[in-house]
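The values are calculated or read from the model by the stated rules, or taken from the named source; none is laboratory data. Because the structure is a prediction, the values reported are computed rather than measured. Please note: Cβ atoms are built from the backbone with ideal geometry, for glycine as well, and neighbour counts cover all protein chains shown. The accessibility values were calculated without ligands, DNA or RNA, using every heavy atom of the protein model including side chains. Shrake-Rupley method; radii C 1.70, N 1.55, O 1.52, S 1.80 Å.
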Amino acid sequence: MSSRLALLAMPGEKLTALPVDELARLLLRDLALDKPPLNLDNWVRSIRRQHRKDPAAMGAVSEAVAWLRHHMYVVDDLRYSASDGWVIISRQGRAWLRGIDLDA
């Protein structure tokens, strides 16, 4: 099962039970399945469709996205409008997905 299908099929209770960094990694893997250019707003719509009636699950997703941005694993794609949801997975984010710590 692909990451996207696994994420969409995951019950809200399981999403909210995951530590924020684990959920963030799942979200980043899922986002990486999309072809560039990546639009975070469009990507979130697919998750929102599945979990829109579960405020706790959507809150957990919001926290995980904020965590990804805070750690600069997802950054604005300045080739496009930074205010319209266009993002790239940073070098640090790609390394994190491969299990490499660039800060070590």
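Scan the stretch 63-87 residue by residue and report those that are open to solvent by 60 Å² or more (accessible area, probe 1.4 Å), part of a helix (DSSP H, G or I) and closer than 28 Å to Glu13 by Cβ.
Once the filter is applied, which keeps residues that are open to solvent by 60 Å² or more (accessible area, probe 1.4 Å), part of a helix (DSSP H, G or I) and closer than 28 Å to Glu13 by Cβ, the stretch 63-87 yields Glu63, Arg69, His70.
Could you check Ser90 against (1) out of contact with any helix residue (DSSP H, G or I) (no Cβ under 8 Å at 6 or more places or on another chain); (2) open to solvent by 50 Å² or more (accessible area, probe 1.4 Å) and say which number it fails?
With respect to (1) out of contact with any helix residue (DSSP H, G or I) (no Cβ under 8 Å at 6 or more places or on another chain); (2) open to solvent by 50 Å² or more (accessible area, probe 1.4 Å), Ser90 is out only on (2).
Is it fair to say Leu23 is of a type in the set (A, V, I, L, M, F, W, C) and not in a loop (DSSP other than H, G, I, E, B)? Walk me through it before giving the result.
Values: of a type in the set (A, V, I, L, M, F, W, C): yes; not in a loop (DSSP other than H, G, I, E, B): yes.
Judged against the criteria, Leu23 is a match.
What are the residues in the stretch 88-104 that are under 12 Å from the mean Cα position of the chain (by Cα) and in a helix (DSSP H, G or I), if any?
In the first step, residues of the stretch 88-104 are kept if they are under 12 Å from the mean Cα position of the chain (by Cα); the result is 88-89, 93, 97.
Residues satisfying the conditions are Gly93, Leu97.
Among the residues of the stretch 6-25, which ones are open to solvent by less than 30 Å² (accessible area, probe 1.4 Å) and touching a Phe, Trp or Tyr at 6+ places or on another chain (Cβ under 6 Å)? Give the steps one after another, and end with the answer.
From the stretch 6-25, those open to solvent by less than 30 Å² (accessible area, probe 1.4 Å) are 7, 10, 12, 15, 23-24; that's our starting set.
Within the stretch 6-25, Ala24 is the sole residue that qualifies.
Taking the conditions exactly as written (more than 19 Å from Ala9 (Cβ to Cβ), buried (at least 17 other Cβ atoms within 10 Å of the Cβ) and at pLDDT 85 or above), does Leu97 satisfy them or not?
Working: more than 19 Å from Ala9 (Cβ to Cβ): yes; buried (at least 17 other Cβ atoms within 10 Å of the Cβ): no; at pLDDT 85 or above: yes.
Answer is no for this residue.
Criterion first (under 22 Å from Pro11 (Cβ atoms), open to solvent by less than 90 Å² (accessible area, probe 1.4 Å) and in contact with a strand residue (DSSP E or B) (Cβ under 7 Å, 6 or more places away or on another chain)) does Leu28 satisfy it?
Details: under 22 Å from Pro11 (Cβ atoms): yes; open to solvent by less than 90 Å² (accessible area, probe 1.4 Å): yes; in contact with a strand residue (DSSP E or B) (Cβ under 7 Å, 6 or more places away or on another chain): yes.
Taking the combined requirement at face value, the residue satisfies it.
Residues of the stretch 72-87 being in contact (Cβ under 8 Å) with a residue 24 or more places away in the chain and either of a type in the set (Asp, Glu) or out of contact with any helix residue (DSSP H, G or I) (no Cβ under 6 Å at 6 or more places or on another chain) (or both), which ones? Spell out how you get there, then give the answer.
Filtering the stretch 72-87 down to residues in contact (Cβ under 8 Å) with a residue 24 or more places away in the chain leaves 73-74, 77, 79-80, 84-87.
The answer is Asp77, Arg79, Tyr80, Asp84, Trp86.
Can you tell me which residue in the stretch 50-62 is surrounded by the most Cβ atoms within 10 Å (Cβ to Cβ), limited to those that are touching a residue at least 24 places away in the same chain (Cβ under 8 Å) and in a helix (DSSP H, G or I)?
First pass over the stretch 50-62, keeping only residues touching a residue at least 24 places away in the same chain (Cβ under 8 Å): 50-51, 54, 56-57, 59-61.
Those left that are additionally in a helix (DSSP H, G or I): 50-51, 56-57, 59-61.
Working: Gln50: 17, His51: 21, Ala56: 12, Ala57: 21, Gly59: 14, Ala60: 21, Val61: 23.
Per the stated criteria, the residue is Val61.
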